[in-house]
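Encoded as structure tokens, the structure appears first; notes follow it.
The values are calculated or read from the model by the stated rules, or taken from the named source; none is laboratory data. Because the structure is predicted, anything quoted here is derived from the model rather than measured. Using ideal geometry, Cβ is built from the backbone for each residue, glycine included, and neighbour counts are taken over all protein chains shown.
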Amino acid sequence: MGQTVIEKIIGNKVGHAVKPGDIVTVPVDWCMVDDIMAPFCIKKFEEMGFTKVWDPDRVVLIYDHFLPATQIDDSRHFREADAFADKYGIKNIHRTDGICHQLMTEAGYVKPGDISFGTDSHTVTYGCVGAFATGIGYTEMAGILGTGELWIKVPESIKVEIEGALPANVTSKDVILSVIGDLTASGATYQTLEFCGSTVDNMSVASRMTMSNMAVEAGAKCGVFAPDEKTCEYCGIPYTEKEEALHADADAVYSRVLHYNAEELVPVVACPSLVDNIKPVSEVAGTKVDQVFLGSCTNGRLEDLQAAAKILKGHTIAPFLKMIVTPASRKVYRAALADGTLEILADAGCVITTPGCGLCCGRGGGILSDNEVVVATNNRNFLGRMGTSKVKIYLASPKTAAMTALTGVITEA
Amino acid sequence: MGMTMAEKIIACAAGVNATKAGDIETVTLDRLMSNDGTTHLTIDMYNKLKNPHIADIDKLVWIVDHNIPADSPKTAASQKKMRDFAKEHNITFYEGEGVCHQVMMEKHVRPGELIFGADSHTLAYGALGAFGTGVGCTDYLYAMVTGTSWLLVPETLRFNLHGQLPEGVYARDLILTIIGRIGANGANYKAMEFAGEGLHGLTMADRISICNLCVEAGAKTALMEVDDVAMTYLEEHGRTPKACFTSDEDAVFAAVYDIDLSEIKPIVAKPHFVDNVVPAEECLGTHIDEAFLGSCNNGRIEDLRVGAAVIKGKKVAPKVRFLVVPASRTVYKQAMKEGLLDIFMEAGAIVMNPNCSVCWGACQGVIGEGETLISTGTRNFKGRAGHKDSFVYLASAATVTASAIAGEITTADRV
Amino acid sequence: MAQKFTAKIWVLGDDIDTDIILPTEYLALKTVEDMKPYAFSPLRPELAGLIQPGDMIVAGKNFGCGSSREQAPEVVKALGISCVVAKSYARIFFRNAINNGLLLIENADLYDAGTEGDTAEVTPGKEIVYNGKTYEIASLPENLTEILEAGGLVKAMRKRNGLD
């Protein structure tokens, strides 16, 4: 019987063919522990009675949620994680380099075919390079740190096929928001979203990351793209039969197939306060906005900043509106410095912060107050995520966000 | 009888020919600066007035700089209150443009002006020969409503500067040395006036840094004579003086100090007081967790150049968080153009948006229990930068950057 | 499995996300005890103070969607919630709950019938009796039952490491 991408990845790792519903114990290639969860994970690890980390070189510690620290106890998380790393010989530590999900592929850890777990739900991002990656709690992570393995249920796959050329004002963010709108926030629970078709073939890895990243907002366990030459170039490896073999078989079995014509897609926003409350931008156009946030592991990459800069070049943002730009990583920040993108954004009046989770994790980076409206390029618009529960969060693409910053009201790019 | 600079500015603002230290004068303010630290409280009081009224909208400058970007619903709410009020009343308003005193220096302050700022470091404006002083929000509100206030004319401590600072020694070292000498209350209620040929060799950045920190000696204001350097700065920023005052030959000073700049050495102010100064050498080897290059005191382009020169080609120590925070958007953009931001980013520093940052102790880079920060900020009071049991050392941009590289306090010539 | 018990019902809606269960602001408080007062605060700030040990939560679809924060099930358990009955769960929350020994029951109908303040009788792995009506509930897969029976994943791992 034919296999989906995710069945192949898991099958390769366990050494035999698997089918949806199988419960298998998989060896882990990478685990990522972020700064919020590190102290909790370390505590569980000690409680479990482990005396060593199964393979310190497979563990990556990333400090991003609390950077820069906004609360008195934040830096304790850095210190406890540092002490754990020193004790168990963990050397892969990124203390100020950017958002964990950006770094796990950008810094060369996760490669096609790998299995990764992270203590953050957006770990699904690494599906962009053809890896199985999903978020887990800190107790399970503690178990992996000790054993190097975890049980999983092989997920069914939903095939999301997108064909054709996207209109100029539609980005991969609009695509994934549209998919989530159609699937609903629980429509892919326990399943994998497998993205394919000519539209995604033509996308950059960065654009694919946006889609993998948000798969979890439909409840998915993974959001995966079969690795192609672009993927391998990004990962710094040659494209071989090994990667080619990870593509789905023609007779693979899917629980569901969604088909989209790219030409028919329009810019959309996720309206407050559910990620699946999707409306065309045109339907909410004119809504007054207090702040725009460009950043996060969803849309804080160079191409996102460039897209905004293209719109903002030579203009200034609307009076009394704030636009906060938080590049996803140090590498992105420096690239945007080098090509003039940050200068355009600074000239336009943006507040450019240091790379990190920023406003998306709701502990700083532009918190809002009652009745304020924010258009944000990140992944969640839950009640209270960016301040009080009376803050209204619209999720949008970098293009929509930049146009909105220019006019002060929600505007289609 | 001759008058001091402070007396002349107050006399001018009071519309009288002469005044002297100890007199109380009613003055008309030239400018009223307020920031997000306290403006929401001023607005609350304003709204409770029977006949709320603003004497002269054009004199008000409101600046959101303390918590940018906002770090909690509470700060977001106070900023919103400020923003909405500014919008409604058409008040000159900046948000995210930089630290208030730097923005004021770049865009508003004129020699000879008398300026109230609802922030203690308003003394910075003395670098342009303006009388800036910090007030609480009640005084601020009174001035905002009436356009006037009363002032006790201060005595003046005169500092005659001679010679030149040695290489690797900065204005920060000079003012810390002075504060160490006269003590944290050595200038209480007084004006600190700087003059002498040594002043002419100091850049505007140096001057702002010196005046800014005078409040840490308790001074009411700090003043410097307006010379060519100040006039050039003013012209470059498209402004003209209100008046350029100098103290008369026969002015009466409470004390006169002669400072030989060539004798100044790199200085560190140890926890928990600004006057707890020692030569940097005495702190060598002190472990640090965080370093901060920024603030209204040392976040200007000159400071970033110093830091970048020290760190270029080197790396921040692995466990040190090195925050680099330009004082304003203008500084940020200039640093970007000169490639300084990339030097810092390449070295592993955390380059932030212009704002008060950890100098204000909230929002960015808050330090935890038992941690040590070395900072170019203004204060090292207990708990200022975070946990009550944490430690702040104050030093120059060079010393702070060198320490960030070493992971312990050191001087630039040692890294 | 646990014995039959009676519990007072608190009714929450669809898509109760992890940011509602515990906002990010409180995630890094030192202990789960410290976090308890803030559970559900964006939606119902008073709720955490009203929940009594032994009460149950009845909710709609996709309970626990969002973040992988394990503080969410931990804080629900720390409040003394005996079980959550929802139409469906987000998967990370589900795993985290099991790993912490918080009983989750999937049931499609109780949410539509349940009224806050009423009581229901729960027999884990078998049924819920509410308002005279019986709602069947499925038993958990074997590997999950093992973790639950060990008293959570930490205890299961301690056993593996020969400690208990």
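Quick notes on this structure:
- Options B:256, B:320: the member that is in the same structural domain as residue B:172 (by TED's automatic domain parsing) and of a type in the set (A, V, I, L, M): B:256
- Filtered residue count, the range B:366-393, keeping only those that are more than 8 Å from chain A (Cβ to nearest Cβ), assigned to a strand (DSSP E or B) and either small (Gly, Ala, Ser) or closer than 22 Å to residue B:312 by Cα (or both): 3
- From the list A:57, A:82, A:35, A:97, the one residue that fits, being without any contact (Cβ under 8 Å) to a residue 60 or more places away in the chain, over 16 Å from residue A:138 (Cβ atoms) and within 14 Å of chain B (Cβ to nearest Cβ), is A:82.
- Top-ranked residue in the range A:165-187 [being in a loop (DSSP other than H, G, I, E, B) and within 14 Å of another protein chain (Cβ to nearest Cβ); ranked as nearest to residue A:273 (Cα to Cα)]: A:185
- Helices (runs of 4 or more DSSP H) wholly inside the range B:60-173 that include at least 1 residues being without any contact (Cβ under 8 Å) to a residue 40 or more places away in the chain, more than 22 Å from the chain's Cα centre (by Cα) and under 28 Å from residue B:293 (Cα atoms): B:73-89
Okay, residues lined up against (1) in a strand (DSSP E or B); (2) away from chain A (no Cβ under 13 Å):
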site	(1), (2)
C:54	no, yes
C:61	no, no
C:75	no, no
C:95	no, no
C:101	no, no
C:135	yes, yes
C:158	no, no
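- Of the listed requirements (1) free of Cβ contacts under 8 Å to residues at least 60 places away in the same chain; (2) in a helix (DSSP H, G or I); (3) within 14 Å of chain A (Cβ to nearest Cβ), residue C:164 misses just one: (2).
- Residue check, residue B:27 part of a strand (DSSP E or B) and either under 19 Å from residue B:243 (Cα atoms) or hydrophobic (A, V, I, L, M, F, W, C) (or both): yes
- Residue B:65 vs. criteria outside the structural domain of residue B:366 (by TED's automatic domain parsing) and buried (at least 24 other Cβ atoms within 10 Å of the Cβ): yes
- In the condition set (1) more than 13 Å from the chain's Cα centre (by Cα); (2) at pLDDT 95 or above; (3) surrounded by fewer than 22 Cβ atoms within 10 Å (Cβ to Cβ); (4) not charged (D, E, K, R), residue C:35 is compliant with all but (3).
- Within the range A:302-329, tally of residues that are farther than 29 Å from residue A:286 by Cβ and surrounded by 24 or more Cβ atoms within 10 Å (Cβ to Cβ): 3
- Selection count where residues are closer than 30 Å to residue A:67 by Cβ, among the charged types (D, E, K, R) and either under 17 Å from the mean Cα position of the chain (by Cα) or surrounded by fewer than 17 Cβ atoms within 10 Å (Cβ to Cβ) (or both), scope the range A:277-301: 1
- Cβ pairs under 6 Å, 6+ apart, first in the range B:319-332 and more than 9 Å from chain A (Cβ to nearest Cβ), second among the polar types (S, T, N, Q) and in a helix (DSSP H, G or I): B:325/B:357; B:327/B:102; B:328/B:102
- Only a single criterion out of (1) at pLDDT below 95; (2) touching a strand residue (DSSP E or B) at 6+ places or on another chain (Cβ under 9 Å); (3) at the interface with chain A (Cβ under 9 Å from one of its Cβ atoms) is not satisfied by residue B:363, namely (2).
- You will find that of B:314, B:333, B:319, the residue that is assigned to a helix (DSSP H, G or I) and either modelled with pLDDT of 95 or more or closer than 22 Å to residue B:384 by Cα (or both) is B:333 and no other.
- Residues considered: B:264, B:288. Of these, the only one that is of a type outside the set (S, T, N, Q), crowded, with 24+ Cβ neighbours inside 10 Å and within 15 Å of residue B:399 (Cβ to Cβ) is B:288.
- The listed residue being free of Cβ contacts under 8 Å to residues at least 24 places away in the same chain, surrounded by 15 or more Cβ atoms within 10 Å (Cβ to Cβ) and more than 8 Å from chain A (Cβ to nearest Cβ), out of C:146, C:127, C:142, C:106: C:127
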